[in-house]
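Reviewing the structure listed below.
Read-outs: derived from the displayed coordinates by stated rules, not from any lab. All values derive from a computational prediction rather than experimental measurement. Here the Cβ positions follow ideal geometry from the backbone for every residue, glycine too, while neighbour counts run over all protein chains shown.
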Amino acid sequence: MILNTDILEIIAIFAVTVALAIPLGRYIAKVYHGERTILDPVFNPIEKTIYKLMGIDPAEEMNWKQHLVTLLTINVIWYPITMFILMNQNWLPLNPDKIPAMSPDLAFHSTCSFITNCFQQHYSGETGMSYFSQLVVMFSMFFLTPAITLAAMAVVFNALRERTAGKLGNFFNYYVKSITRILLPISLIAAIVFLFNGMPMTFHGTHTFTTLQGDTANVARGPLAAFESIKMLGLNGGGFFGVNSAHPFENPNFFTNMIENIFHILLPIATVFALGFYLNRKKLAWMIFAVMTIGFLLLLVPAVFYELKGNPAITHMGIDNSLGNLEGKEIRFGTAASAFWSITATSSMNGATNCMHDSFMPLSGGMQLLGIMVNSLYGGVGTGILGFFVIIILTVFIGSLMIGRTPQFLGKKLGMREIKIAVIITLLHPFLSLVGTALACSFPNLTNATLGNPAFHGFTEMIYEYTSASSADGSGFAGLGNNTPWWNISCGIVILFGRFLPIIGAVAIAGILGNKIYLGDSAGTLVTDSPTFGLMVFSMIFIIAALTFYPAMAIGPFAEYFSMPH
Amino acid sequence: MIKHILPSIKLSIISLLLFVGIYTLVVWGIAYAVAPNHGNGEVVQVNGKTVGYKLVGQSFTQPKYFNGRPSAVSYNAAGSGGSNKGPSNPDYLKGVQSAIDTFLVYNPTVKKAELPVELVTMSGSGLDPDISPKAAMVQIARIASVRHLSEGQLTALVNKHIEKPWFGPAHVNVLLLNVDLDKL
C-alpha cells in the first residue's frame, strides 16, 4: 500500500519537473543576461520589430523606481479595458451562448483578480464569460501577468550582481523577452500536445444532442488547447469552465494531467535555478530549492496519506473505500495524483484545480491552506523567488545579529530601510488574510448564508478565500457562494494589496541594495548558502507561519479533524 | 509615468494581436487541419447519430445501462460542478448513506462491502466519464437480469473496455461501454 503505483506516479511527475527545471533555469538566466542562445535568429527579428512598433530603445536602462512605474503603468492601462469588456460582454461579439454582462462588483473582483495573476473566480466560465472575454481578457492576462513578474524578477536578479549599479536594464525588454522567449514557445508546444489528447480548440458554442439513454444534453466547448497550456505554464490557473482542470475538456487524461501538473511548479523551480546561474551562485540556488522542497514535502505527505485513507465516516458505512476519498475527484486521475496536484497548486500559487478542495479531508485541506498561508514554497512565477528573497533578507538580518556580525547579503550591507520594508512585506500577507476573515466573521448577516458547509468547515472556507486572494493563488473552497458584493469587493481589495505591495517591496529592497557599494564577502560574513543557513530560513518561515496562522488553523481544519470519527 | 504610457499602450495592442490573434489562430489552424474532429471534440456516434462526447460523461440512470458516478449537476455539461461538500457535513453523509441504500435496492445480489466508493461519491466536474473496473463489475448481475444476458458475456465486454494507461489508474469509459452493450 505504501509504495504502490499511485505514489510512483507522483514521484515521477516531480522528478521530471526538476529534470526540466534545471536546464530551463539556465536558459532563463541566459535570456535575462542577454547572452546568446541558439534560438536568437528566430527571436531577434521578432523582438526588433516589436521594439520598433513600440518606439522604444531596449538598451535604455532604467533605475528601480522607473521599473516599478512602468510595471504599474501597464496594469493601469489594462484595468479599465478588462472591466469594460466584462461589463459589456453581452453585446460584444463572439458570444454564441448569449452570456449576460457581469455585475459591477463581480467585474471589479474579476478585474482585480485577472490583472494580478490571482485568477480567483467568483463566476463559472460556462455561464459567466463569453468567448470574446475569454479570448481578449483571459489570453492577454495569461501572458501579461507572468511576464510582468518575470520582468520584475529580472530587475531583482540584475540588482543583486556583484557590483554597484543604479541602472538595472530595460523593463520592456525583460517583459517582451519573457513572452517571446519563454512563455510563448513552451505554450505553443504544449497546446499542440494537448490537441492530440482530445482537448477541443473550437469557437463553436454549446452543442445540444440526445444521449444514449434519451435525455437532452448540452455540452459547452471552447478554444481550450491554446487556453490550457498558457493557463498552466504562466501559473495563471483561471479555469475556462467552472471546475477548472477537473473538466474532461480542460484535462482529458492522465498524460495531460501530468503535463499540466509539471507546469504547476516548472517555472517556479526553474527561476530558483535561474537565480543560481545568473549570479553564478549555484549553491545558493540549491539551498533555496532544498528549503522549498522540504516544506513542500511536509505538506504533501499528510495530504496524500489522508486522501488515500479515505473518509472514515464513509468507511464506517461498510462499503469498499479502498480508492480513498473520491468526493470531488475524477477517476482518470485517481486519489493520489489529485492530492499531489492540490498541494502543487497551493504551494505554487497557480490555483488551477483538478479536484474540489472543499471536499478534501480536514487535514489534507489544512495542508492546502497551509501552502497558501506560507506563500513561499515554490510560489508564483517570479513572485515565488521574490518572496523568498525577502525572507532571506530577514533571516540574514536576524542571523547576523544572533552571532554579532554586520548583516550583509551577496556583498551588500543591509540597512534599516531594507529591513523595514522586508518586515512589512512579510507581515502583510497574514494581516490581509486574517483581518479579512475576522471582518467576514464579524458580519454574519452578510457571510453566513454564503457558506457551503456548516461548523468548522465553514470557517475554513472563509479563511481559505482570503488567504487565496492575498497570496494570488486563486483556488478556492468552492462551496462558498462567493458571488456577492461582500466577497467580490473585500476579496478584490485584498488581491490588489496582496499582489502589488510585495512586488514593489522586493524590487525596492533589491534596488536599494544595488545602489550600495559592493563589499565582497569576508571571513566575518554570515555564509548564506550553507545547510545551516537553510535551516535558519526554514525556521523563519515556520515561525512566521506558525505564530500568525496557528489559531486560524486550530479553529478550522484541526477542529474539524478532531470532531470526526477516526 | 507619462513617458511610459505611450509605449505601454502600444505594447498592449501588440500583445492583443500576438496572443489573441496569432497564437490562438496558429493553434486553431493546427486543430482544424490535423486534430481529431477538427478540434471540435471527439464525438461518439451510433448509426451516424451523435450520442455524446467521448470525454464528457453523461447521465445513465436506467438499470439496463452501466451507471456512472453520481453528479452534483446531473451531468449538465453546460454548467460543470462538484458537490463541494465537506467530509464532516452531516447532510453530505446522509446523502452518501442514501446512495448506498439505493444502490443495494437495485443490485440485491451485491454485498455492501463490494460497493466501490466512487459509485456513491460525486466527481469534481460532475462530468466524470469513467468508473473503475470494479464499479463496472458490481453492476453486471443487475444488467444481466434486466437484459437477459449471461454474466460471462458482460464480464468479457467490461474486460474489453478496461483502459490501463502506462501511467494513471485503470478505468472504464461508461459511454463507450454502454454503446457496445446496446450492440449485444
Over the protein assembly as shown, volume per residue of the alpha carbon convex hull, in Å³: 148
Set of lysines near residue B:64 by C-alpha distance (under 17 Å), chain-local residues within fewer than 8 positions excluded: B:183
For chain B, share of DSSP beta bridges that run antiparallel, in % to the nearest 5: 100
In the stretch A:1-95, chymotrypsin sites (Phe, Trp or Tyr not before Pro) in a DSSP loop with at most 11 other beta-carbon atoms within 10 Å: A:91
Net charge contributed by nearby residues that have their C-beta within less than 15 Å of residue A:486 (K/R +1, D/E -1): -3
Linear extension gain, residue A:290 paired with residue A:8, 0.36 nm per residue minus alpha-carbon span: 99.4 nm
Taking the stretch B:42-183 and dividing mean pair separation by its residue count, relative contact order in percent (alpha carbons under 8 Å, at least six apart): 28
Chain A, relative contact order [Cα under 8 Å, separation at least 6], %: 19
Computed over the stretch A:332-462: relative contact order in percent, which uses C-alpha pairs under 8 Å that are six or more apart: 15
Summed residue charge, Cβ within 14 Å of residue B:109's Cβ, Lys/Arg positive, Asp/Glu negative: +1
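Would you tally the net charge around residue A:361, using a Cβ to Cβ cut-off of less than 13 Å, leaving residue A:361 out, and scoring K and R as +1, D and E as -1?
Taking every other residue near residue A:361 into account, the sum is -1.
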For a label point 7 Å along the Cα-to-beta-carbon line of residue B:113, residues of the stretch A:322-344 with backbone N under 16 Å: A:322-323
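Among the listed pairs A:65/A:413; A:167/A:231; A:98/A:329; A:30/B:3, give every one whose C-alpha distance is greater than 25 Å.
On the way: A:65/A:413 20 Å; A:167/A:231 33 Å; A:98/A:329 30 Å; A:30/B:3 29 Å.
Cα-Cα > 25 Å for A:167/A:231; A:98/A:329; A:30/B:3; rest within.
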Reachable aspartates and glutamates, given that their alpha-carbon falls under 19 Å from the alpha-carbon of residue A:177 and they are not under 8 places away in the same chain: A:35, A:40, A:47, A:57, A:60, A:61
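Helix-only estimate, please: 222 nm mean residue ellipticity of the protein assembly as shown, summing -39500 (n - 2.57) across DSSP H runs of length 4 or more and dividing by its residues, to the nearest 500.
Counting only the DSSP helices, I get -18500 deg cm²/dmol.
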